[in-house]
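Notes follow the structure.
Laboratory data are not the source of any read-out in this text; all were calculated from the coordinates shown. Source: prediction; values computed, not measured. Cβ placement follows ideal geometry from the backbone for every residue including glycine, while neighbour counts extend to all protein chains displayed.
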Amino acid sequence: MKACAAVSLCFALFVNVGLAVDSNPLGKVFELMSALEAKIVKEGEAEAKSFKEFFEWCDSASMNLNNEIKTGKTTQEKLEAKIGELTSAIDVSDSEIEKLSGAIATNEGELNDATAIRDKEHADFSAEEAEPCPCPLPQALSERVP
């Protein structure tokens, strides 16, 4: 029986404490402050998680950007070297063109000289062919042909 009385006394105390908290304005303030504290802690944890994700994204983007910059600089150096190489090749080709232009001019001069000599020799040959032949052999042959 004593145990039963003790249990009923404890039950009565809990009911009274519950009613006292519900009806006590100071208890309500503590309850609201506890709820607000839990809400703030929860929002802080969510913000910390979001900040961590943003920070990781920033690090990743920064590393990618730095890698692209390094790659771009390497590509720029390679292209500048290629431009220098091709500029040198252009200079070599220009000098080769000048050399070949001189050789072409020389060859054209020699060709003109050879053509003039051939024309002169052809004119001389044509003049000799036009003259009558002083020897009687071609006439004798033409008369003997039946």
*asked:* Going Cα to Cα from K73, which lysines come in below 18 Å? Please leave out same-chain ones fewer than 8 positions away.
replied: K82
*So which aspartates and glutamates pass the test for K70, namely a Cα distance under 18 Å, with those fewer than 8 places away in the same chain ruled out?*
D59, E80
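Where Lys and Arg each count +1 and Asp and Glu each count -1, what net charge lies around L86 among other residues with Cβ under 13 Å from its Cβ? Let's see the in-between values first.
On the way: positive: K78, K82; negative: E80, E85, D91, D94.
Net charge in that neighbourhood comes out at -2.
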